[in-house]
Amino acid sequence: MPLFDREGLREDVWQPAEDALPTADSILVELRHLDVALVGLRPGRQLGVAVPNTTKIDALRPYFEDVALMSIAFPSYGDGRGFSLAKLLREEGFKGILRASGPLIADQFSYALFCGFDEIKLPAAMAARQPVAQWLKAEKLISRTYQRGYDGGNILDQRRAARLRQAD
């Protein structure tokens, strides 16, 4: 599963807990195992947590200082709850790495970055259909959105303003 950010491909240093070697520096655990992992965390190691996109912010807030990475699962590219969760995490003060993990599409890259994601981890099948170079190109090409909150307004607001100008 390729991992990339706005600069391109990068090495994934986070090892899932079940695969982690005793010498691993960065370990990724599921949310249900986080409390146990925190108790047993050896000095010098980093802990990351993998969470479903349905996770409530209240369940994550107590761990902001304890984890260096939160990996939010996307079950499909059409399920945008992970974007909302990422935005909430950033608004609430999470400073660590935010990873989107799952079958997203290149058209969503700019929005993922806007919501606070630092990196994307794609399933191999999705990466074969849309290589990382396509994602990096899409980030620069797609500058207008339907969502509010971007600089310059969104497509729907711009269309509405244009209609109002025509009516005058």
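Each residue in region 1-60 was checked for being within 29 Å of ALA125 (Cβ to Cβ), assigned to a loop (DSSP other than H, G, I, E, B) and not acidic (Asp, Glu), and 14 of them qualify. In region 155-167, the residues that are surrounded by fewer than 11 Cβ atoms within 10 Å (Cβ to Cβ) and at pLDDT below 80 form no Cβ pair under 9 Å with any partner that is assigned to a helix (DSSP H, G or I) and of a type in the set (A, V, I, L, M), whether six or more places apart or across chains.
For region 32-91, filtering for residues that are touching an Asp or Glu at 6+ places or on another chain (Cβ under 7 Å) and hydrophobic (A, V, I, L, M, F, W, C) leaves 4. Can you find a residue that is modelled with pLDDT of 95 or more and touching a Ser or Thr at 6+ places or on another chain (Cβ under 7 Å) anywhere in region 94-102? Among the residues of region 94-102, at least one is modelled with pLDDT of 95 or more and touching a Ser or Thr at 6+ places or on another chain (Cβ under 7 Å), which makes the answer yes.
So that you can scan it fast, the table gives a plain yes or no per residue for (1) over 20 Å from ARG32 (Cβ atoms); (2) surrounded by 15 or more Cβ atoms within 10 Å (Cβ to Cβ); (3) touching a residue at least 24 places away in the same chain (Cβ under 8 Å):
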| site | (1), (2), (3) |
| --- | --- |
| PHE64 | no, no, yes |
| GLY78 | yes, no, no |
| GLY82 | no, yes, yes |
| LYS87 | yes, yes, yes |
| ASP118 | yes, yes, yes |
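Residues being surrounded by 20 or more Cβ atoms within 10 Å (Cβ to Cβ), part of a helix (DSSP H, G or I), in contact with a Phe, Trp or Tyr (Cβ under 7 Å, 6 or more places away or on another chain) and touching a residue at least 40 places away in the same chain (Cβ under 8 Å) are represented in region 128-135 by at least one member. Being outside any strand (DSSP E or B) and either aromatic (Phe, Trp, Tyr) or at pLDDT 95 or above (or both): is that true of GLY82 here? Criteria met by GLY82.
As a summary of the residue check, SER71 satisfies the conditions (1) among the polar types (S, T, N, Q); (2) within 25 Å of ALA127 (Cβ to Cβ); (3) not in a strand (DSSP E or B) except for the one numbered (3).
So that you can scan it fast, the table gives a plain yes or no per residue for (1) farther than 16 Å from ASP79 by Cα; (2) charged (D, E, K, R):
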site	(1), (2)
SER101	no, no
ASP107	no, yes
TYR111	no, no
PHE114	yes, no
ASP118	yes, yes
LEU122	no, no
ALA127	yes, no
ALA133	yes, no
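The values are calculated or read from the model by the stated rules, or taken from the named source; none is laboratory data. Being a predicted model, the structure only gives us computed values, none of them experimental. Neighbour counts run over all protein chains shown; Cβ positions are idealised from the backbone, glycine included.
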